[in-house]
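Novice: For reference, the structure I am asking about is given below.
The values are calculated or read from the model by the stated rules, or taken from the named source; none is laboratory data. Keep in mind it's a predicted model, so treat the numbers as computed, not measured. Here Cβ is always computed from backbone atoms with ideal geometry, including for glycine, and neighbour counts include all displayed protein chains. Surface accessibility is based on the protein's heavy atoms, side chains included, excluding ligands, DNA and RNA. Shrake-Rupley method; radii C 1.70, N 1.55, O 1.52, S 1.80 Å.
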Amino acid sequence: MTKEGLKATFFKAPEFFNKETPRGILSHALGASLYMPGTRETIASDIISNKYRGLASTVLCLEDSIGDAEVPFAEENLTKQVREVYNTLENQELESFELPLIFIRVRDPEQIQRLIERMGDSSKIITGFVFPKFTSESYRYFETIKSLNQTTGFFYGMPIIESTEVIYRESRFEELMDIKGLLDTYHDLVLNVRIGATDFSGYYGIRRGPDVTIYDITVIRDCISDIINIFSRFESDYVVSGPVWEYFSNGGRVLKPQLRKSPFEQFHDNLGNNRTKIRSQLLNKYVDGLIREVILDKENGIIGKTIIHPSHIIPVQSLYIVGYEEYLDALSIIENSNGLQGVTKSHYTNKMNEMKPHYNWAQKILLRAKSYGVFHEQHNFISLFTEDVYL
């Protein structure tokens, strides 16, 4: 986006962040995390060329996205790709602000150690590691990066909660509390808590269709509810990220489109006829289901989304940009939280802002505003869509 476009769209532009940014801010900043298989031989060139517009974080996967026999090649390939990106930075052919946060999804703690030894100094561009099938017994992951952080650099860990112990109701509460206790031990190393809804669904032979969200699958919804209940309490200081959206291709539609027309019609009326194709593009690509799921993620306090296709980057990132009205509400609540007032009328006089109940919400809104920015009054997430987004 040009500087002129940035000024026209944003009341408050997103702030720069990298792996050195304080954890409290960085944990809210991952946005759409694009998974790439570790066997992909264009990872470095894709990152260096800024191929994926708006990409804030990527996960290079050595687990389920590749076959067991491919692991040796994938480890060698990732080492090569990371070195290429690092050398480009060292040669000042790439600026650090152009680099997304880079994570590696590993199979076991030993693989972390092996990769860091192979990568050497180039591992400095890695923000952290993603731990699949995480349980209350998975402490060795964090022990490994804790040890590395004392000698090599600094890496975060992001556990994926996706085990049978959590999805099965009879063991869920005890397991979640044990996981919480384990994460509390390594609190400052935990960047996000992620949800593996695909594995959860697989235990029941379920695969949600593109016309429903993960919240429509009752057994998964109940489990997500308990994960949010335990890890998203404000005093816990953990950020829970949303499960993957699997769909990106065209196909027949079972239900009517889930998106309301009004945001698109309003966008067309305000900004001109050149945007009329956007709605049909969204529907044809099934991104309307993704949009609906991210909206539900946000309403449930979830920040960030695992994605597997670059066409999802802009929809997810744009949905996390703070609206002008909610930004003003958050500022008002924080500014009036001195105990002199219990409630005030909102700037738009359409709601009441209560200082104590809404204080934690306001703090989270302002954290999001740092990483994603704030829209101007007449703009919303559709403002970032262009006709070539899905080409």
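Novice: Looking only at segment 189-212, which residues are under 25 Å from TYR238 (Cβ atoms), hydroxyl-bearing (Ser, Thr, Tyr) and in a loop (DSSP other than H, G, I, E, B)?
Specialist: Answer for segment 189-212, where residues must be under 25 Å from TYR238 (Cβ atoms), hydroxyl-bearing (Ser, Thr, Tyr) and in a loop (DSSP other than H, G, I, E, B): just TYR203.
Novice: Could you run through segment 93-116 and say how many residues are open to solvent by 50 Å² or more (accessible area, probe 1.4 Å) and at pLDDT below 95? Steps first, answer last, please.
Specialist: Filtering segment 93-116 down to residues open to solvent by 50 Å² or more (accessible area, probe 1.4 Å) leaves 93, 95-98, 107-108, 110, 113-114.
Subset that is at pLDDT below 95: 93, 95-98.
Qualifying residue count, segment 93-116: 5.
Novice: For segment 102-188, which helices (runs of 4 or more DSSP H) that fit wholly inside it have 3 or more residues that are out of contact with any helix residue (DSSP H, G or I) (no Cβ under 8 Å at 6 or more places or on another chain)?
Specialist: 169-185
Novice: Here's something else I'd like to know. Among the residues of segment 150-167, which ones are touching a residue at least 60 places away in the same chain (Cβ under 8 Å) and open to solvent by 10 Å² or more (accessible area, probe 1.4 Å)?
Specialist: Passing the criteria: PHE154, TYR156.
Novice: Let me ask something additional. Would you mention how many residues in segment 73-92 are closer than 27 Å to TYR320 by Cβ and either open to solvent by 10 Å² or more (accessible area, probe 1.4 Å) or among the basic types (Lys, Arg) (or both)?
Specialist: Going through segment 73-92 one residue at a time, the tally reaches 1.
Novice: Continuing with the same structure: May I ask you to list the residues in segment 272-325 that are small (Gly, Ala, Ser), part of a helix (DSSP H, G or I) and either more than 29 Å from MET158 (Cβ to Cβ) or modelled with pLDDT under 80 (or both)? Full working, then the answer.
Specialist: To start, the set of residues in segment 272-325 that are small (Gly, Ala, Ser) comprises 272, 280, 289, 301, 304, 311, 318, 323.
So of that shortlist, the ones also part of a helix (DSSP H, G or I) come out as 280, 289, 311, 318.
Once the filter is applied, which keeps residues that are small (Gly, Ala, Ser), part of a helix (DSSP H, G or I) and either more than 29 Å from MET158 (Cβ to Cβ) or modelled with pLDDT under 80 (or both), segment 272-325 yields only SER280.
Novice: Could you tell me which of the residues LYS298, LYS305 is basic (Lys, Arg) and open to solvent by 50 Å² or more (accessible area, probe 1.4 Å)? Steps first, please.
Specialist: Values: LYS305 fails: open to solvent by 50 Å² or more (accessible area, probe 1.4 Å).
Matching residue, one of LYS298, LYS305: LYS298.
Novice: Taking the condition surrounded by fewer than 19 Cβ atoms within 10 Å (Cβ to Cβ), in a loop (DSSP other than H, G, I, E, B) and touching a residue at least 12 places away in the same chain (Cβ under 8 Å), does GLU70 pass?
Specialist: no
Novice: Something else: Got a number for residues in segment 199-224 being touching a strand residue (DSSP E or B) at 6+ places or on another chain (Cβ under 6 Å) and open to solvent by 30 Å² or more (accessible area, probe 1.4 Å)?
Specialist: 0
Novice: Turning to a different aspect of this structure: GLY242 passes all but one of (1) out of contact with any Asp or Glu (no Cβ under 6 Å at 6 or more places or on another chain); (2) not in a helix (DSSP H, G or I); which number fails?
Specialist: (1)
Novice: Assess whether SER232 counts as being hydroxyl-bearing (Ser, Thr, Tyr) and within 16 Å of the chain's Cα centre (by Cα). Before the answer, list the steps.
Specialist: Details: hydroxyl-bearing (Ser, Thr, Tyr): yes; within 16 Å of the chain's Cα centre (by Cα): yes.
Judged against the criteria, SER232 is a match.
Novice: Let me ask something additional. Kindly indicate whether GLY181 is among the small types (Gly, Ala, Ser), modelled with pLDDT under 95 and surrounded by fewer than 19 Cβ atoms within 10 Å (Cβ to Cβ).
Specialist: no
Novice: Please specify each residue of segment 122-139 satisfying the condition of being buried (at least 18 other Cβ atoms within 10 Å of the Cβ) and farther than 15 Å from GLN111 by Cβ.
Specialist: Within segment 122-139, SER122, ILE125, THR127, THR135, SER136 qualify.
Novice: When you look at LEU328, is it assigned to a helix (DSSP H, G or I), open to solvent by 30 Å² or more (accessible area, probe 1.4 Å), at pLDDT 90 or above and in contact with a Ser or Thr (Cβ under 9 Å, 6 or more places away or on another chain), yes or no? Give the derivation first.
Specialist: Details: assigned to a helix (DSSP H, G or I): yes; open to solvent by 30 Å² or more (accessible area, probe 1.4 Å): yes; at pLDDT 90 or above: yes; in contact with a Ser or Thr (Cβ under 9 Å, 6 or more places away or on another chain): yes.
Answer is yes for this residue.
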